[in-house]
Structures are given as C-alpha cells and as structure tokens.
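The values are calculated or read from the model by the stated rules, or taken from the named source; none is laboratory data. On a predicted model such as this, the values are computed, not experimentally measured, just so you know. Side chains included, ligands, DNA and RNA excluded: accessible areas come from the protein's heavy atoms. Shrake-Rupley method; radii C 1.70, N 1.55, O 1.52, S 1.80 Å.
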Amino acid sequence: MPQSTETMTYQWYQKSFSQLANLLTSQTSFFTEMYLTPQYRSPMLVIWVGSFGGALHAPVTSFFYLAVGASEHDIGVIGALQSLSSLLLSPVYGHVADNYGYYHVYGLSTTLCSVGCLVRGLAGDVKGLYTGAIILGLGGAQAWSLALGYLSTHTPPNRKSEVVSGFIVQVQLLGLLGKMMFTPLDWSLRGFGGDRSDDADGGDLWRWRIEMGICTVFCFY
C-alpha cells in the first residue's frame, strides 16, 4: 500500500534532521580536535574569528558604499580591486610561507586585514573605499588560503579530505552565524544612539561605519 503524503513528509523531515544532527556532531568533534591540537589551534582561531567577524557587516556593505558616495559602477570596481590585489600578492605569500614559515605571513595578513577594515570604515569618499579594498585584498583575503594550505601541509594524507571539508563547512557555518548576528548588533547600536532622526541619513551612516569597521577587531584580535 502506498505511503500517505503525511508519512512521506514526516520521514523526509526525520531524515533531514538526522543528517543535520550528524553534521553538527561531526563538526563539533572536528572543532574540539582542532582547538586542542597545538599545531592547528592558532591558524584555525584566525579563521574562526575572521569568518564570523568578517560576515557581520555583509548585510549592510552595499548600503554603506552608496551612503559614502559610491555608484553601482564603483561598487563593482571596489570588488574587482580587492580580488585583483589578492591575486597579485598570493604568490608572494606562498613563497614566504614555504621559505620562512606560515606564522610570518599570518601576522602580515591579519595586520593588513585590520588596517583595511579600519580605512574602509572611516572612508569619507570613494577613494577611501578603494584604498580599503586594496589593503584588504593584500591582507585579509589571504588568510583563508594560508590556513587551508597550512592544514593540508600538516595533515596526514589519510585525513586530508576530512580536514579540508571540515574547514570549508566551518567557514560557511560561522559566516552564516555572523550574518545572523548583524540584526542584534544593529539593534544594539540603535539603542546606543545610532538612530538619529534629526540627521540627514537618520543615523544610518554612523551605525554602518561601526559595523563595517568592527572587523578590525576580529582580524587582529
């Protein structure tokens, strides 16, 4: 006898929740292992904190650019500049990491990430946004590739796929969590005086500067 629609729906939800529970359990175990293993702890902390903090401003980025004075064309150029500067410096980071160790390039990457976030958050015009994007591309955008390279180098061959996939899943999950935390962050800033109806922009730009610049702390914690 064919199963009813309600039964099939229940089984689908049951299977989905079971898979989600298994995913969370495996990622919790992976997280604990990475944190408790000295050779993994520092690079993974950089990525965990950066993935969360770097996503906090994602919902408001385009609005901030427009409020500062950027056009739609400028926003496209800003993204291209950040990607291009990251691409050009990637071989240099790789060379330094191979010859002098990963911690030197991690320090440079996180420092440039912090400076880029601060410059972008304080930008008063489009030139400031361009400058921040270039600095971010030279630094912050490199951290994820460096961490993945470090993990691949220091992981036994039989565990590489597990570690790399776990790394990618955790970056995505923490990025999603960061985006979800934007709303309570924005509410908090409104409560501390960020909602100013007498300002031309209603206080939006004041809040957005803080939200865009807060990654300075997360890059260089």
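Taking a span of 20 Å or more along the helix axis (Cα atoms) and a mean Kyte-Doolittle hydropathy of at least 0.0 as the rule, the DSSP H helices of the chain that qualify are 38-55, 72-100, 102-122, 160-180. Using the rule -39500 (n - 2.57) for each DSSP H run of four or more residues, divided by the residues of the chain, the 222 nm mean residue ellipticity is -26500 deg cm²/dmol. Accessible area per residue for the chain is 56 Å², calculated with a 1.4 Å probe on protein heavy atoms, without ligands, DNA or RNA. Rounded if a/c is under 1.5, else prolate if a/b is larger than b/c, else oblate: which is the chain, with a ≥ b ≥ c the root eigenvalues of its Cα gyration tensor? Here the chain falls in the oblate category. The apolar share of the surface of the chain, taken as the fraction of accessible area on carbon and sulfur atoms (1.4 Å probe, ligands and nucleic acids excluded), comes to 67 percent. Between the alpha-carbon centres of the stretch 142-181 and the stretch 84-128 there is a gap of 19 Å.
The base-10 log of I(q)/I(0) for the stretch 1-126, evaluated at q = 0.16, 0.20 Å⁻¹, reads -0.99, -1.19 [Debye formula, identical scatterers on Cα atoms, solvent excluded].
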